[in-house]
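Engineer: Okay, handing you the structure first.
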Amino acid sequence: MYRMLITIWKINFGVMIKYQLPGNLVKNSIVADRLPHKYRQLRFFSDDVTIYCITGSWGTMIIQSGLLAGHYYSEQYLYPLVDMEITMIAETNLVCLHFVYQGAVHLTGSAGRIFLLEKKQAMHYFPAEQSFKTTIISGRPYHSIFIVPALNMLITLKDTYSPLGQLMDNLERKGEKHLVLPFERLKVTTKAEIRKIKKSQLTDAAGRLYYDSRVCDLVLAYLDSIGRPKGEKKAITAYSRRIDALINQINNFPEKDIIISEQASKMGISKRLLEIAFKEKCGINPKLYIQIQRIEKAKQLFDSGSKQVGEVCELVGYMDQSYFTRVFKKNTGKTPTEYLNNIASLDN
C-alpha cells in the first residue's frame, strides 16, 4: 500500500499545496518570478524552488515552493492592504510540518476547522482536494512554511513515534478529515534550521544529503518535543469523545457560559488535563476557542441583517458592549460599527 502511495506522492509533487486569491483580485494583479528588493530577506537560494510574487492594489502575496531531494517546501508571505478571503487546497493527501512565523488565522473547511497560531509549529494530515478558507485582515502580515517530508522518511519513523503513526494510518486509508498533532512553540533553533535550508546552494548528492539531514532534524525535534508521560496520554485518549462533545457544544451554542473547571469536574479529570486535551484537538485553549466562536456568530448575525451592536453583543454571550467591541476588533481588525459600515458599502 505504501509503495503505491509513494508513486502517487511523487506524481503530485509538482504543486502539493495550492493558494487561491478571490477572482476579483486576480484580475488586477501582476505576477513576477523574482522578489522585490524590500522582500529580499525571504529569498530561497536554491534554483529548485520557484518564486511567485503577486502584487496589486490589494497588497502582496509571495509563494516559494519546490522539491528538495524528495521533500516538498512551500513558503507563503502575504501582506494585505484590504480584507481578503484566501483559499488553501492540498492537491493530494499529505502529512506535513507547518511553521507559522507571523500572523494567526482560522481556516474553515468541510474537513474541519484549523487554528494556526503565530510562532507555533505542528504536524498535520491534510485530505486531498478539500478547500480551507480564511479571512486575512488588512495590515496584518501572514508568513508560514509547509514542509512535506519524503514519504520514505515518514514510513521509517512511524513505528518509533506513535503520534506520527496516527497521521500515517489516516494517509494510508485516505481519510477525509484533517488531523493535527499538538502545537509546539516555534523555537529559535527550529528557525535556524529552516534558515540553513533556505540559504543552501548545494546540489546533486551533497544537496540530497544536506536536505535529508535538515528535514529529518526538524521532524525528529518536533516529534520528540510532543512526547508526554504515558499516564497523561492514556487520560487524554480515554476522554477524547467527551472533549469532542464539548467542542460541538461550543460550536452550536457559543453564547452559553461554560466554566472549564466545572466541565473537568463532570468528566472526572483536572482542569489542566482538560485544557491540554482540548488544545491538542483545536490548537488553542477553551477560552480562546469560545471567544473565536462567539465572534464568528456575531459576524454571521451582522451579515444576515442584524444592525444593533448591543443586541448582537448579548446574543453571543457578552454583557459588556465595550468589552465585546475590543474582542471583536482583536479578531477581525474592525469594530462592530466599522464592520457594519463595510457591509453597507458593499451592498451599495
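The values are calculated or read from the model by the stated rules, or taken from the named source; none is laboratory data. None of the values given here were measured: they were computed from a predicted structure. Neighbour counts are summed over all protein chains in view; Cβ atoms, including those assigned to glycine, are modelled from backbone coordinates with ideal geometry.
Engineer: Return the residues of the stretch 151-162 that are surrounded by 19 or more Cβ atoms within 10 Å (Cβ to Cβ) and in contact (Cβ under 8 Å) with a residue 40 or more places away in the chain; say none if nothing qualifies. Break it down into steps so the answer makes sense when it comes.
Structural biologist: Our first condition is that a residue be surrounded by 19 or more Cβ atoms within 10 Å (Cβ to Cβ); within the stretch 151-162, this holds for 151, 154, 158, 161.
If the condition is that a residue be surrounded by 19 or more Cβ atoms within 10 Å (Cβ to Cβ) and in contact (Cβ under 8 Å) with a residue 40 or more places away in the chain, then L151, L154, Y161 are the ones that fit.
Engineer: Here is a further query. Sort out for me the strands (runs of 3 or more DSSP E) sitting completely within the stretch 118-205 that have 2 or more residues that are out of contact with any Phe, Trp or Tyr (no Cβ under 9 Å at 6 or more places or on another chain). Even if it seems obvious, please write down each step before you answer.
Structural biologist: Working: elements: 120-126, 131-136, 142-148.
Hits in the stretch 118-205: 131-136.
Engineer: Still on this model: Identify, by number, the condition in (1) farther than 27 Å from R140 by Cα; (2) part of a helix (DSSP H, G or I); (3) not small (G, A, S) that E280 doesn't meet.
Structural biologist: For E280, the failing item is (1).
Engineer: Please enumerate the residues belonging to the stretch 240-266 that are part of a helix (DSSP H, G or I) and of a type in the set (K, R). Steps first, answer last, please.
Structural biologist: Of all residues in the stretch 240-266, those part of a helix (DSSP H, G or I) come to 240-252, 260-266.
Across the stretch 240-266, the qualifying residues are R241, R242, K266.
Engineer: Follow-up. Show the residue pairs meeting these rules: Cβ distance below 6 Å; 6+ apart or different chains; first residue within the stretch 125-150 and closer than 19 Å to L94 by Cβ and in the same structural domain as V100 (by TED's automatic domain parsing); second residue of a type in the set (F, W, Y) and part of a strand (DSSP E or B).
Structural biologist: I145/F99; I147/Y73; V148/Y72
So that you can scan it fast, the table gives a plain yes or no per residue for (1) over 22 Å from the mean Cα position of the chain (by Cα); (2) buried (at least 19 other Cβ atoms within 10 Å of the Cβ); (3) among the small types (G, A, S); (4) closer than 24 Å to T325 by Cβ:
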site	(1), (2), (3), (4)
C216	no, no, no, no
V219	no, yes, no, no
Q249	yes, no, no, no
I269	yes, yes, no, no
Q308	yes, no, no, yes
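Engineer: Here is a follow-up. Which numbered condition trips up R195, out of (1) in contact (Cβ under 8 Å) with a residue 24 or more places away in the chain; (2) out of contact with any Asp or Glu (no Cβ under 6 Å at 6 or more places or on another chain); (3) not aliphatic (A, V, I, L, M)?
Structural biologist: For R195, the failing item is (1).
Engineer: Let me ask something else about it. Among what's in the stretch 330-348 and is under 27 Å from the mean Cα position of the chain (by Cα) and farther than 13 Å from D83 by Cβ, pick the residue that is surrounded by the most Cβ atoms within 10 Å (Cβ to Cβ).
Structural biologist: Per the stated criteria, the residue is P336.
Engineer: Restricting attention to the stretch 240-273, report how many residues are under 19 Å from R294 (Cβ atoms), aliphatic (A, V, I, L, M) and touching a residue at least 24 places away in the same chain (Cβ under 8 Å).
Structural biologist: Count: 5.
Engineer: Run R272 past the list (1) more than 27 Å from L181 (Cα to Cα); (2) at pLDDT below 85; (3) among the basic types (K, R) and report the number of the one that doesn't hold.
Structural biologist: (1)
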